[in-house]
1. Which distance in Å, rounded to a whole number, links the C-alpha centroids of the stretch 44-84 and the stretch 93-144?
2. Only Cα pairs under 8 Å and at least 6 apart count here; give the relative contact order of the chain as a rounded whole percent.
3. Considering only Gln100, Gln178, Gln82, give the residue with the highest GNM mean-square fluctuation for the chain, with springs between Cα atoms whenever their separation is below 10 Å.
4. When the Karplus curve 6.51 cos²θ - 1.76 cosθ + 1.60 is applied with θ = phi - 60°, which whole-Hz ³J(HN,Hα) does each residue of the stretch 15-27 get, with x for Gly and Pro?
5. What order do you get for 129-138, 90-99, 151-160, 51-60 when each peptide is scored by the mean count of other beta carbon atoms within 10 Å, highest first?
6. For all pairs of alpha-carbon atoms in the chain, what percent lies in each bin of width 5 Å, listed from the first bin to the last filled one?
7. List the residues whose amide H sits under 5 Å from the amide H of Arg144, counting only those 5 or more places along or on another chain, with H placed 1.01 Å from N in the peptide plane.
8. How much net charge surrounds Arg27 when only the other residues with a Cβ under 15 Å from the Cβ of Arg27 are counted, with Lys and Arg +1 and Asp and Glu -1?
Amino acid sequence: MQENKTVSRDRVCPWWFSGVLDNPLRRWLHKPQAILEPYVRLGQTALDIGCGPGYFTLPLAGLVGEQGLVIAVDLQQQMLEQARRRAEQAGLLPRIRFQQASPGGLGLEPGCADFALAFWMVHEVPDKLGLLRQVRDALRPGGRLLLVEPLLEVQRGDFEHTLEIASGAGLQVLSRPQVRFSLAALLA
Ligand SMILES: C[S@@+](CC[C@H](N)C(=O)[O-])C[C@H]1O[C@@H](n2cnc3c(N)ncnc32)[C@H](O)[C@@H]1O
């Protein structure tokens, strides 16, 4: 399947933009617990792909509990450092592993996770098929991916094209959760 070059950007959200990703307005708009709770259980391993400064990483760590694990992956070391600092302040470091991705790969073990979150990040990745194949491989049988894209940056047609690419990677849409200012799909 052909990549849609019109929605690809060769630029990622800069690390100094992280204040916009975690502020009181966003906390009102995107309640991480409410968004993630239906999909994550105690003791599971959850991936936060393109975790940024950790807006969803810490709540995920709360949901998987002491026996669970969150693997937070990002391209940018500065984002990972911010997320790590927050995790440390919250006392959640023991249940989070931080991992730096390269543009070519997430560096995940096959079958390592029960759940994956890709929130407002897939539109930043030029090789969506490659990314989604890596997520598919990282999920255990029955594992699910919550893919959420920003409505301000991604048009509906482009989102549907991304879901076609996901289908080409073996990930099928299970449902279409409602997430404010976003387009979202749960895939398995
Ligand atoms: C708009 S931010 C969203 C951060 C976070 N998911 C949130 O919702 O607050 C997108 C993040 O994805 C990361 N990113 C972009 N391309 C990536 C890739 N190929 N692998 C891993 N992370 C990537 C960026 O570095 C950035 O931190």
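1. That distance is 12 Å.
2. Relative CO of the chain lands at 21 percent.
3. Gln178
4. 4, 6, 8, 5, x, 6, 7, 9, 8, x, 5, 5, 4
5. Per-residue mean Cβ counts within 10 Å order the peptides as 51-60, 129-138, 90-99, 151-160.
6. Bins of 5 Å from zero give 1, 8, 18, 23, 23, 17, 8, 2, 0 percent of pairs.
7. Here Phe115, Ala116 satisfy the definition.
8. So the surrounding residues net to +3.
Throughout, read-outs are computed from the coordinates displayed, never taken from laboratory work. Everything quoted here is computed from the prediction, not taken from an experiment. We place every Cβ from the backbone using ideal geometry, glycine too, and count neighbours over all the protein chains shown.
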